[in-house]
1. I'd like the full set of residues that are outside any helix (DSSP H, G or I), in contact (Cβ under 8 Å) with a residue 60 or more places away in the chain and more than 32 Å from the chain's Cα centre (by Cα), limited to segment 502-535.
2. Please identify the pairs in which a residue from segment 99-115 that is touching a residue at least 60 places away in the same chain (Cβ under 8 Å) and buried (at least 24 other Cβ atoms within 10 Å of the Cβ) has its Cβ atom under 8 Å from the Cβ atom of a residue that is assigned to a helix (DSSP H, G or I) and among the polar types (S, T, N, Q), counting only partners at least 6 apart or on another chain.
3. Which residues, counting only those in segment 335-372, are of a type in the set (Asp, Glu), touching a residue at least 40 places away in the same chain (Cβ under 8 Å) and over 15 Å from VAL427 (Cβ atoms)?
4. Restricting to segment 527-561, what's the tally of residues that are more than 18 Å from PHE74 (Cα to Cα) and either surrounded by 15 or more Cβ atoms within 10 Å (Cβ to Cβ) or among the aliphatic types (A, V, I, L, M) (or both)?
5. Of all the residues that make up segment 116-141, how many are without any contact (Cβ under 8 Å) to a residue 40 or more places away in the chain, crowded, with 24+ Cβ neighbours inside 10 Å and aromatic (Phe, Trp, Tyr)?
6. Do any strands (runs of 3 or more DSSP E) entirely within segment 324-382 hold 1 or more residues that are surrounded by fewer than 21 Cβ atoms within 10 Å (Cβ to Cβ), and if so, which?
7. Tell me whether segment 574-581 contains one or more residues that are part of a helix (DSSP H, G or I) and within 25 Å of ALA497 (Cα to Cα).
8. Go through LEU21, LEU56, LEU80 for me and flag whichever is of a type outside the set (Gly, Ala, Ser) and either at positive phi or modelled with pLDDT under 95 (or both).
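The values are calculated or read from the model by the stated rules, or taken from the named source; none is laboratory data. The structure presented is a predicted model; accordingly, all values stated were derived computationally and were not measured. Because the Cβ atoms are built from the backbone with ideal geometry, glycine has one as well, and the counts that use them run over all protein chains shown.
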Amino acid sequence: MKGKFFVDDSGPPLGHMILALGAYLGGFDGNFVWSRIGAEFPCGVSVWTLRLLPALGGALCVPLVYLLTVELGFSHLSALGAALLLLLENSLIVQSRFMLLEALLIFFMLLAFFSYLRFHNSPSRSWSRFCWLLLSGVSCSAAVGVKYMGLSSYLLLLGLASVHSWRQMGNRAVGHVSGAQSVLCLLVVPVLLYVFWFYVHLSILQHSGPHDQLMSSAFQASLQGGLSRITKGQPLEVAYGSQVTLRSSASQPLPCWLHSHKANYPIRYEDGRGSSHQQQVTCYPFKDVNNWWIIKDPGRQELVVDTPPRPVRHGDVIQLVHGMTSRLLNSHDVAAPMSPQAQEVSGYIDFNVSMAAQNLWRVDIYNREAESEVWKTIRSEVRLVHVNTSAVLKLSGVALPDWAFHQLEVVAEKLQKGHGSSLAWTVEEHRYGTSQEQKEREAELHSPTHINVDRKISFWSKFIELQWKMLTVKQEESEHKYSSSPLEWVTMETNIAYWLHASTNAQIHLIGNPVSWGVANLSLLAYQLLAMVYMLRRRRGFKDLPDEVWQRFVCLGFVCVGGWMMNFLPFLLMDRTLFLYHYLPALCYLHLLSPALLEHVHTHLTLRRGLGLCASAVLVSIFLSYWYLCPLTYGCPELSANQLLALKWRDSWDILYRRR
């Protein structure tokens, strides 16, 4: 609401923009701090508008499931059963009643499949058919725009569309226009809309925010109130005599700046290896006066900028003088403290021993402009190549021990090729030095400059960088009380406490309907066994089903079983903190499968006797399970401790209660 930049590694910004729209409609000004779960909202915060759009998305999932079941070729009775399963699913109700993204993701996911199947089943060459296909592409882009897990359903839908297109390949009645429409609506439109979500996102969030440090200096400088405030008035071109801070382009494990201080490497490390005992050079993750370095011409002694300034260019050989200690940045054939395969980097001290200074560095600007090879503030990413050994100045990312105050290790490593972010450095703060004396120079490091730098960066540069950061930057995670493994989701072994009243036992938990989850698992297993039997018999020449019924059965499995697999199996490979709500998109596909599979068994197999009665009994059980868990779903009525214990149907559920 305040336009502050942020990065969410769970997905693109559309979901957050939808939540912000609800907040905007309710007049929310963004001043309320979400400090803890259960905190009371101020009187001026319209809670119902904040939760309106997720709740609306969750509510619309029920009719969408009904319509989707019909488009899959099943009866209205089966469609009603699928809608009831979603309607009585406690976990989906809870998730849609809060400012969370899963309900929106599921809504767009279901809308995409419904629209595509409606397109596929519509008469050819009708305007409405194209509109349904276009809506499917828009919904796919919206699903991916809410969370990256929407990509699983998008890929599944593309697979279904590919199968349908392949079957029509030999049909001459289907012209090239149909194929062009599919490419336009299912590939081009989703990509363009995906870019559009980020365009709106970056247009709105123009102020400095909590995640600035993850981005490059150029990106940060384009935001108002952050680095742009610090770097305002800096010279653009780096010259001999410039005073600079060098920021590593790597954002892991922490954004940091090339740093040195009045402390030497220990003579001996803990493993017995020796060091040069010269001044430590590290990477420090905070702004500090010891981050300043001076660009020196090796052929001259002056540390001031000439008039006019002599810019440093690609391929120039320079020396880097530490601003506060006057030590030259040095490297040599001595093993680094934590990365012995690389060279130590130090501030050179002449101990009158046979260890000559090796303090020349070649500037390699690998993102230089075609018309200019000048080293530029913020814009240029450079590698500093050690002239004597051809090693490259690099952030290893390893934390140093106590003797280096746990700062990050900087090394020089010999590389054949590569432009990794750990090798790149950017001039972030920059001023033209005018003082030759050390005391005057130290005072000068604290004085501002007054030459403006163009801070503009193109949308495409910001878009590409933000994509890369969202995909590669892993937010620091810790174990959570309610985190769980994917295998625990299938059997409902876990829950999440969302809210507990400050003085009573009223509480809200994310808990699924155990009966409907059991039915979903049974349906998944039954479909797989039935499909295996059908395929084995068809292989032997027995066609138990007419071709039309077989195609409908296969399509049901492709959408429902495939949807479950695409939205569940990736979590088995993820190394991150996971929660029960991650399973909800996959669960919806199984709720869609259960009634349709029951209809198939009732219609085409001999297991008809008592099947309707069993289905009715299961539906009643699902309703009773939903009803008994309602106090944990809606947070009312308040229950006693004994009543809460009675609702703890599994020992692994963590139900909260107060004894009185």
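1. Passing the criteria: ALA502, THR504, ASN505, ALA506.
2. From residues that are touching a residue at least 60 places away in the same chain (Cβ under 8 Å) and buried (at least 24 other Cβ atoms within 10 Å of the Cβ), the pairs are GLU102/GLN95; GLU102/SER96; MET109/SER139; MET109/SER153; PHE113/SER136; PHE113/SER153.
3. GLU344
4. 6
5. 1
6. Passing ranges, in order: 329-335, 361-365.
7. Looking through segment 574-581, at least one residue is part of a helix (DSSP H, G or I) and within 25 Å of ALA497 (Cα to Cα).
8. Criteria check complete, one pass: LEU21.
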